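Undergrad: This is the structure, below, for whatever I ask next.
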Amino acid sequence: MGDQPELTRVTDRWRRLIFVAAIFLSAFLLFVIQPLITRLLLPRYGGSPAVWNTALMFFQVLLLAGYGYAHLLASRFRGRRQRMVHLALVALGLFSLPPVIRAGLQAPPDAWPVPWVLAALAAAVGLPFAVLATNSTLVQHWYAESGASDSRDPYWLYAASNGGSLLALLAYPCWIEPTWGLETQAGLWALGYAGFAALTVVTLAITNGAQDHAAEGPTASLDAPRSLAPPSPRRRARWVLMAAVPSSLLLAVTMQFTTDVAAIPLFWVVPLALYLFTFILAFSPRFHVPRRWLAVATAMMITVAFGLIIVALPIGLGMMALVMLGTLLAGALLCHTDLAADRPDARYLTDFYLALALGGALGGIFNSLVAPLVFTSVAEYPLTLAALAWLVAADPSGTRPPASTRHRIIERAALALMTIGTVVAAMGKLLAPGGSGMRWLFVPYEVLIAGLALWWLRRPFAVACTLVALFCVAQLNAVGARVDQTRGFFGVLRVLDISTERALLHGTTRHGAQSRDPARARIPLAYHYPDGPLGSLVAAEPPGARIGVVGLGVGALAGLGKRGQRMTFYEIDPGVEAMARRHFTYLADSPARVDVVLGDGRITLGRAPDHGFDVIVMDAFSSDAIPMHLLTVEALDLYLRKLAPGGTLAFNLTNRHGRFDDVVRGLAAARGLAAAEWHYDPSPEARAAGASTTVVFALAPAPAAIDDLVAGGRWRRVAPGPAVVWTDDHANLLDVLTWSGGGR
């Protein structure tokens, strides 16, 4: 290595170990803080899945800033000056610890929440996160200049970086979150950052002489076998694109999971862990899989994903996870393998990672900022699949090696299986009630896509996928007789005329309905049917009662209001109130005095007078997901303060993917409350009239209130049994999830 001191084998080994430890620890901290800080944010924003996507976009932009700083530091500063600048920045990060959500950064009810979420994240963890984001690139750059025997190609350290990230993401839901409360987690993370600062000092100290020597001249002595020419603009643009598409796919998959189930770290972590795992494989020196095989696997998964979107089968959570995560795994691995194969000489290392960070940030900005403003549906998922199809077709090598006989046999077998699966899925939808005859046209079209995917893997496949994506977007915007549709921070809202009813759908979940027959327009339907638990509870209240409802929906419970009563609805999504007033008449026709208060239910209910409600109904959902912060002991204490003496607190626990009975049992046990439950299964006549299966738990400080309910014969006392106690500091939704999709 020129006139640099010759490194012994022992020195090489220890130096490599220290570099790996430095890059591993910074990556671990970088990815532990993401679910931790977002969990701290959720109670302020109603548990919306958009919080995580906005946070991911924020972290990607900060990662881009960190990579930009690393590129500037490596290209403009040398030797001692470089080290002093970076150590000063690392030290500054210590002054913003531990990470906490600052007071005063809650979005006003009528404001777009995204800027407020970004401001809260920046104040809580912006500087230390940006410092950690610089470390992967800088450590690889320092290693390239260290004079170690394998310093010519330091990209293997990127696999170590992603290994630390992956371990952090797996450790958080499986170990960290179940073991410690949020306050303890924040304190431990601050200690970890202090350890990272100390390790950075050691790393720079052991490379002192080598880097000072490198400052005397250019790094041409790296003698890498790759081209020494600077990357062309076209090549840089390709890097950005190959990083942007899997980043966008990651966010699209995450949005789908957190919208349909719950905004919890598990459903943020699993897609992100798979995404990082593809980086580890792609940049590992030992990973050698022919690109053609990766392209075939990706094309197959794209075809299956499009097929499920088109036929819209009611599949369970497990099948949905298999398809969506399989598509993410195959697509991200293909893109990242292409990136690893096209990595430049080590002297352009910071340019390369800056392009990757820019692509990741652009993908995040598209999903979190552009898509909610441009589309009225979650259109980014099929569009990202189409973009991925173009990358499948665009082999960077520019050549298509001839396929062997074995490959042809595998491809033809896969084509046959794909064709059969697509036809069966399409027939299942077409034969189901409500199937659209137009989908007959897409059965042979899906077969054609499978053939193109497995036979050519070229431009015809990408063109076919683009056309299907456009059809999917049109389908998402025109399901049923669509009356209105809008998309906001809290998801997609649609008003549909279905048979004799008009319904409001939030994501994939019906949030209330009203008969289109004027003679029956005052009768609440679905969960709020008068014969069911919620309807019976509200209808039994006398004139003059004060009723609070967290979660507006279409305002169906207002249809049961009486003259002299006062009903106050608390709703976090302004779009829900707009839809309820524009397309439904429950609020306008109610004899009771009805008010709607915008904002998170727990926060806005906290501003109401104590002992002000005779009944409080907790009916807050986000596409069938109950926000965890509404089911903690601290939240229960707030509700009890707002109840009048003898009042009743009711929880609508109807949910497809979770059984929250044990949580409410835990709340009742924690505060010594009397409790009753009603698992309402409508009669055939009631179901035909619009009633839905409903599960409601009622709690009351006064046992007499529960005695009155049980005396009617339909409520029954809550039997002792397993209980789960959630607090603001510690809650684990894994305890109550079901995976079959049957739910109730």
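Undergrad: Can you give the convex hull volume of the alpha carbon atoms of segment 591-701 per residue, in Å³? Don't skip to the answer; put the middle values down first.
TA: Values: hull volume 14.9 nm³, N = 111.
It comes to 135 Å³ per residue, whole-number rounded.
Undergrad: Now for a different question. Describe numerically, in nm with one decimal, the distance between label points set 7 Å from Cα along Cα→Cβ at V725 and at F95.
TA: Each label point lies 7 Å from its Cα, and together they span 4.2 nm.
Undergrad: Taking the number of other C-beta atoms within 10 Å as the exposure measure, put T632, T585, T327 in order starting with the fewest. Don't jump to the answer; show the numbers that get you there.
TA: On the way: T632 23, T585 18, T327 27.
Exposure proxy ranking, most exposed first: T585, T632, T327.
Undergrad: If you don't mind, there's one more thing I want to ask. Could you tell me the distance between the Cα centroids of segment 668-733 and segment 480-550, to the nearest Å?
TA: Taking the Cα centre of each part, segment 668-733 and segment 480-550 sit 21 Å apart.
Undergrad: Could you compute the FRET efficiency for L322 and R716, with r as their C-beta to C-beta distance and R0 at 51 Å, rounded to 0.05?
TA: 0.85
Undergrad: Roughly how many nanometres apart are two label points built 7 Å out from the Cα toward the Cβ at S683 and L191?
TA: Each label point lies 7 Å from its Cα, and together they span 6.3 nm.
Undergrad: Note the full-extension length gain between D662 and T500 as 0.36 nm times their separation in residues minus their Cα-Cα distance, in nm to one decimal. Don't skip to the answer; put the middle values down first.
TA: Working: separation 162, 0.36 × 162 = 58.32 nm, distance 3.69 nm.
Working it through step by step, the gained length comes to 54.6 nm.
Undergrad: Taking K and R as +1 and D and E as -1, what net charge do the other residues with C-beta under 12 Å from the C-beta of G561 add up to?
TA: +3
Undergrad: Between W390 and L470, what length comes free when the chain is fully extended (0.36 nm per residue of separation minus the Cα-Cα distance, one decimal in nm)? Mind dumping the intermediate values first?
TA: On the way: separation 80, 0.36 × 80 = 28.80 nm, distance 1.45 nm.
Working it through step by step, the gained length comes to 27.3 nm.
Undergrad: Next question. Could you line up E634, E380, E501 from fewest to most neighbouring Cβ atoms inside 10 Å? Before the final figure, lay out the partial values.
TA: Working: E634 13, E380 24, E501 17.
By the 10 Å Cβ count, ascending, the order reads E634, E501, E380.
Undergrad: May I pose another question? Taking only Cα atoms of segment 646-703, what ratio of Rg to Rh do you get with Rh as the Kirkwood inverse-distance radius?
TA: On the way: Rg = 13.3 Å, Rh = 12.6 Å.
Rg/Rh for segment 646-703 comes to 1.06.
Undergrad: Spelling out what I want: for every residue of segment 235-243, take phi, set θ = phi - 60°, compute 6.51 cos²θ - 1.76 cosθ + 1.60 (Karplus), and round to whole Hz; glycine and proline get x.
TA: Once θ is set to phi - 60°, the couplings for segment 235-243 become 5, 4, 4, 5, 4, 4, 5, 5, 8 Hz.
Undergrad: What FRET efficiency would be calculated for the residue pair R520, A88, taking the C-beta separation as r and a Förster radius of 51 Å, to the nearest 0.05?
TA: Values: r = 71 Å, r/R0 = 1.39.
Result of the calculation: an efficiency of 0.10.
Undergrad: Figure the gain on full extension for A119 and A341 (residue separation times 0.36 nm, minus the Cα-Cα span) and round it to one decimal in nm.
TA: 76.1 nm
Undergrad: With θ set to phi - 60°, apply the Karplus curve 6.51 cos²θ - 1.76 cosθ + 1.60 along segment 87-101 and write out the HN-Hα couplings as whole Hz, x wherever there is a Gly or Pro.
TA: After applying 6.51 cos²θ - 1.76 cosθ + 1.60, I find 4, 5, 5, 4, 5, 4, x, 5, 7, 9, 9, x, x, 9, 8 Hz.
Undergrad: Related question: Using a basic spin-label model with each label point 7 Å from the Cα along Cα→Cβ, how many nm lie between A588 and V633?
TA: 4.8
Undergrad: Continuing with the same structure: I need the phi-derived Karplus couplings for segment 65-72: 6.51 cos²θ - 1.76 cosθ + 1.60, θ = phi - 60°, integer Hz, Gly and Pro marked x.
TA: Listing the rounded values in order: 4, x, 5, x, 4, 4, 5, 5 Hz.
Undergrad: When T137, T500, T694 are ordered from fewest to most other Cβ atoms inside 10 Å of their Cβ, what list results?
TA: Exposure proxy ranking, most exposed first: T500, T694, T137.
The numbers here are math on the coordinates, done by the rules we state, and not lab data. Keep in mind it's a predicted model, so treat the numbers as computed, not measured. Virtual Cβ from ideal backbone geometry, glycine too; neighbours counted across all protein chains shown.
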